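Q: Would you mind keeping the following structure in view while I ask a few things?
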Amino acid sequence: MKRLLIILTLAGLPCAPFAQTRLTLDACIEQAEANNKALAAADRQLAAAQFDFRSARANFFPSFSATGTGLYSTADGGLDIAGGALPVLGVDGMPTGGTALFPGLNLAYEVGWVYGGGITLEQPLYMGGKVRTGYRMARIGSEMAEQNRRLTRSEVIVSTSRAYASVIRAREMRQVAERYHALLTELLRSVESARKHGLKPQNDVLKVRVKLNESELNLRRTENALRLATMNLCHLIGRPLTDRIEVADDLPDLPSTPVPAADLMARPEYRLLDQKAELAREQLRLARSERLPQVGLVGNYGYLHGVELNGQNLLGGWAFTAGVQVSVPIFHFGGRSNKVRSARARFEQAQAERLDGGELLQLEATQAANNLDEAQLEIRLAESSLAAADENLRLSRRQYEAGVETLSDHLEAQAMWQQAHQTEVEARIDGYLRWLEYRKAAGLLD
């Protein structure tokens, strides 16, 4: 019984509304950067490129390695020299007439186990420029990874800002639809009251009801658009699609001062094209280095044991050896020459792509600047039309209430008022998006 009373008591309590999260544009961009998979992959690529750069830098220094060798062989043999009388030579090198007995020589050897180990040092002295070229290529690769991360981050900022602007557009469109619906509801109430008193015909009530039904449908569409825009923003910032979020503020206004000039050199796309050409140049140098001599210093300190001679080990002790190793390529059936030609063709291709890509980026920046200029004009025209629509609606309401204007004209004034508000919202949101595109095209997004 007590349990039933508790359940009934809890059921009678008012349900608390779901908590909503208010997010600013900066907070959305920060969350999008933290949850974007492409940006995470770009971070890993940058880390790998930096490690490659450190690895290439280590080639300038000597390398040490521990070596060990073990060998077993059944080879054996010997050397026999017969004995006899040998002449004795004097101080002047002439025979004295005497002889000495040479007992003979019997040497037997057996290889058996031969093993050794030690520390080996290798220091490149001249590798045809291969070490320095590899170092420069690794540095360029690290810079390209950094520019790729900048490019990915700019794309995340643009996509998140677009989604955020879509939420604001849908929210303001819903507000316009609600205000228009409120106007029609008030008008319907006024017309129905006038019909009851015989001042308006039933046809006027039907006309207003038709507009009100259209307004309800438009209101439902704006609510659905707001829901979808919010879900899209949740997807980009890494939150569940069912989260109830709300944008905290409006978008920033467009600058009134002249827009800054585009700096193509600052764009990551141009930097990638430029570094791609530099990388192709270094690959050409690397191909040429294979046709040049290579000189290196080798040193070893180790122990060697093995080879028995008459039952005793011939080798067994520590020793240090050092030398210079030189390799001069002579002929390779055109393999190295063709590799150089291939690298030269790729370098020329990269140069052509850089020139073409630079022109395309310049065209993109010019188009973005033109679009921004048009957007600023559209905003001014939309604000002027909005002020005129507000004044026209105010005068139309006064004239309709005074009976000097027809219902159709008043409904048209309300529709024009709604259209002017929608146009102003679209112009303001599109202006921000064009400003965002210009900042990206001008290299100012960072």
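The values are calculated or read from the model by the stated rules, or taken from the named source; none is laboratory data. This structure is a prediction, so every number in the text was calculated from the model and none was measured. For neighbour counting, all protein chains shown are included, and Cβ atoms are generated from backbone atoms with ideal geometry for every residue, glycine included. Remember, those area values only see protein heavy atoms, side chains included, never the ligands or the DNA or RNA. Shrake-Rupley method; radii C 1.70, N 1.55, O 1.52, S 1.80 Å.
Q: Tell me yes or no: at least one residue of segment 298-307 is small (Gly, Ala, Ser), more than 30 Å from residue 151 (Cα to Cα) and open to solvent by 50 Å² or more (accessible area, probe 1.4 Å).
A: Taking every residue of segment 298-307 in turn, none turns out to be small (Gly, Ala, Ser), more than 30 Å from residue 151 (Cα to Cα) and open to solvent by 50 Å² or more (accessible area, probe 1.4 Å).
Q: Here's something else I'd like to know. Could we say that residue 418 is under 23 Å from residue 376 (Cα atoms), crowded, with 20+ Cβ neighbours inside 10 Å and touching a residue at least 12 places away in the same chain (Cβ under 8 Å) here?
A: yes
Q: Select, from 189, 153, 195, the only residue that is assigned to a helix (DSSP H, G or I), among the basic types (Lys, Arg), modelled with pLDDT under 95 and surrounded by 19 or more Cβ atoms within 10 Å (Cβ to Cβ).
A: Testing whether each residue is assigned to a helix (DSSP H, G or I), among the basic types (Lys, Arg), modelled with pLDDT under 95 and surrounded by 19 or more Cβ atoms within 10 Å (Cβ to Cβ) leaves just 153.
Q: Being open to solvent by 20 Å² or more (accessible area, probe 1.4 Å), in contact (Cβ under 8 Å) with a residue 60 or more places away in the chain and not β-branched (Val, Ile, Thr) is true for just one of 182, 145, 165, 108. Which residue is that?
A: Testing whether each residue is open to solvent by 20 Å² or more (accessible area, probe 1.4 Å), in contact (Cβ under 8 Å) with a residue 60 or more places away in the chain and not β-branched (Val, Ile, Thr) leaves just 108.
Q: Do we find a residue being charged (D, E, K, R), within 30 Å of residue 249 (Cα to Cα), touching a helix residue (DSSP H, G or I) at 6+ places or on another chain (Cβ under 9 Å) and modelled with pLDDT of 90 or more anywhere in segment 417-426?
A: yes
Q: How many residues are more than 9 Å from the chain's Cα centre (by Cα) and closer than 21 Å to residue 162 by Cβ if we restrict to segment 32-61?
A: The total comes to 6.
Q: Taking segment 365-386, which residues are closer than 21 Å to residue 411 by Cβ and not polar (S, T, N, Q)?
A: 386, the sole residue that qualifies.
Q: Within segment 72-98, how many residues turn out to be open to solvent by 100 Å² or more (accessible area, probe 1.4 Å), within 27 Å of residue 310 (Cβ to Cβ) and among the β-branched types (Val, Ile, Thr)?
A: Residues meeting the conditions: 1.
Q: Next question, about the same structure. Sort out which residues of segment 308-348 are open to solvent by 100 Å² or more (accessible area, probe 1.4 Å) and within 46 Å of the chain's Cα centre (by Cα), and write them in order of number.
A: Across segment 308-348, the qualifying residues are 325, 330, 331, 332, 333, 341, 346, 348.
Q: When you scan segment 39-84, how many residues do you find that are of a type outside the set (S, T, N, Q) and out of contact with any strand residue (DSSP E or B) (no Cβ under 9 Å at 6 or more places or on another chain)?
A: Matching residues across segment 39-84 total 17.
Q: At pLDDT 90 or above and either in contact with a strand residue (DSSP E or B) (Cβ under 9 Å, 6 or more places away or on another chain) or surrounded by 13 or more Cβ atoms within 10 Å (Cβ to Cβ) (or both): which single residue out of 398, 380, 354 fits that description?
A: 354
Q: Do you know which residues across segment 201-214 are open to solvent by less than 70 Å² (accessible area, probe 1.4 Å) and touching a residue at least 40 places away in the same chain (Cβ under 8 Å)?
A: Result: 204, 208, 211.
Q: So, one more: Checking the condition buried (at least 17 other Cβ atoms within 10 Å of the Cβ), within 20 Å of residue 167 (Cα to Cα) and not acidic (Asp, Glu), which residue from 280, 229 passes?
A: Of 280, 229, the one residue that is buried (at least 17 other Cβ atoms within 10 Å of the Cβ), within 20 Å of residue 167 (Cα to Cα) and not acidic (Asp, Glu) is 229.
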